[in-house]
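The structure under discussion appears below in the form of structure tokens.
Taken together, the values in this text are just the output of simple stated rules run on the coordinates, not laboratory data. Since the model is a prediction, treat every value here as computed from it, not as a measurement. With ideal geometry, Cβ positions are generated from the backbone for all residues, glycine too; neighbour counts draw on all protein chains shown.
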């Protein structure tokens with residue numbers, strides 16, 4: 001399986017089939033598409049993969065339907081789509097479904113074949129509404145592109161400088177949805193996340209000249225949006241990256257069809273495939289190592305809640321129907337636990353020998369350690385004691401113990417509001 005959220009779609013779909021309600025409230029109808037697929041083909045990992053393929057086909061269809069509305073010539077030189085179709089389809093399916101509607105919304109708004117302006121506006125708004133329904137961020141992105149399209153290009157420098165200065169008036173860390181990060185240049189962070197392919201596509205978007213002159217003003221608005229995304233306004237890994245790959249796909253809507261453009265697209269695919277082959281962990285978690293630790297944790301009779309890293313929790317809940325939290329347990333999670341149960345944690349990235357060697361006043365910190373391959377199953381109370389012990393020693397292991405591998409932050413309030421259960 002590729003993608004770091006794909007099992008969450010399975011969790012939501014199974015909940016719909018078994019209870020008639022989503023496991024966690026979400027207005028997007030995309031989970032009902034997964035549930036429909038499960039009801040027809042059965043609940044399985046294979047059918048989650050088929051859902052990803054259906055998503056790629058959907059986005060491919062929307063891209064070329066939009067080019068048809070724009071009367072863009074489609075021939076042998078540009079039939080192959082942007083790599084973003086596959087990146088979005090496999091990594092962010094909900095966003096991909098919404099982007100399909102946004103592409104149609106933009107193309108209807110610009111279409112010359114619809115001669116009555118009010119019809120273009122009505123059609124564009126309808127598809128923008130559908131995009132927002134499937135993924136709110138994509139709807140906001142559509143409004144942002146429309147705003148930049150209306151803004152005269154002579155104000156671009158002022159807008160860019162304002163965006164560049166603005167982050168320094170905000171705190172650099174927060175647990176809420178928007179996190180300003182002024183320490184990392186975003187395009188370099190993107191390179192670290194998914195490799196050279198995204199840098200190639202970004203340069204192509206911002207500096208490319210091979211575009212349809214009929215829609216040059218819209219392309220410039222999209223291109224300027226891509227330029228703005230190098231400003232560290234948001235926490236890049238969470239929001240800005242998703243916006244960037246969306247903008248890259250939208251920009252591909254306005255490229256011309258010739259040999260030069262075909263070569264640029266081919267090179268993009270080569271670079272993305274190279275990264276995928278050389279660094280597959282950038283696009284997926286090692287799910288093949290998760291079954292044994294998941295099965296062991298699920299078999300613990302007094303296990304009221306498991307804490308593990310993001311990705312494992314979704315896999316664990318889908319496979320074993322048990323609650324898991326990829327955050328530090330908070331009052332809400334503890335309150336929802338069954339009575340007379342404990343919180344367990346799957347430690348990732350720290351060897352069993354290191355855990356067993358941890359002692360305070362000659363007494364081992366961990367009352368139980370269950371070695372499970374790359375994971376070690378321990379009690380959450382022991383883990384908290386271990387964290388304090390590492391802090392007092394200023395240990396090098398602290399950077400691993402407090403990282404995405406071993407959740408240490410509490411859920412933001414907006415996530416707590418979405419979750420009815422422990423995860």
Worksheet entry | Burial order of peptide ranges 241-247, 194-200, 322-328 (average beta-carbon count within 10 Å, highest first) | 241-247, 322-328, 194-200
Worksheet entry | Principal-axis tilt of helix 156-165 within the chain, Cα atoms, nearest 10 degrees | 10
Fill in: Cα-based helix-to-principal-axis angle, 6-19 vs the chain, degrees rounded to 10
80
Worksheet item: Does anyone have the angle between helix 30-41 and the longest principal axis of the chain? Alpha-carbon axes, 0 to 90°, nearest 10?
Response: 80
Worksheet item: Which whole-number percent gives the relative contact order of the chain, counting Cα pairs below 8 Å spaced six or more residues apart?
Response: 16
Worksheet, complete the sentence: So the FRET efficiency between residue 54 and residue 269, C-beta based with R0 = 30 Å and rounded to 0.05, is 0.90
Worksheet item: In nm, to one decimal, how far is the residue 299 label point from the residue 379 one, both placed 7 Å along Cα→Cβ?
Response: 2.1
Fill in: Ordering of 111-117, 308-314 by packing [mean C-beta count within 10 Å, highest first]
308-314, 111-117
Response to the item:
Note to self: C-alpha centroids of segment 273-341 and segment 140-156 sit apart, in Å, by 41
Discussion item. What distance in nm lies between label points placed 7 Å from Cα along the C-beta direction at residue 360 and residue 154?
Written reply: 6.7
Fill in: Linear extension gain, residue 18 paired with residue 116, 0.36 nm per residue minus alpha-carbon span
30.5 nm
Item to complete: Quote the FRET efficiency, to the nearest 0.05, computed for residue 368 versus residue 137 with a Förster distance R0 of 60 Å and r equal to the Cβ-Cβ distance.
Response: 0.90
Worksheet entry | Net lengthening on full extension, residue 196/residue 214 (0.36 nm per residue, minus Cα-Cα) | 3.4 nm
Worksheet item: Highest mean first, what order results for 118-127, 370-379 on Cβ atoms within 10 Å?
Response: 370-379, 118-127
Worksheet item: How many nm is it between the label spots at residue 289 and residue 46, if each spot is 7 Å from the Cα in line with the beta carbon?
Response: 2.7
Item to complete: Treating each Cα of segment 6-282 as an identical point scatterer and ignoring solvent, apply the Debye formula and state log10 I(q)/I(0) at q = 0.07, 0.11, 0.12 Å⁻¹.
Response: -0.26, -0.67, -0.80
Worksheet entry | Of all DSSP beta bridges in the chain, antiparallel share, percent nearest 5 | 60
Worksheet, complete the sentence: Computed over segment 287-418, the relative contact order (Cα-Cα under 8 Å, seq sep at least six) in percent reads 27
Fill in: Length added when fully stretched, residue 165-residue 398, from 0.36 nm per residue minus Cα-Cα
80.5 nm
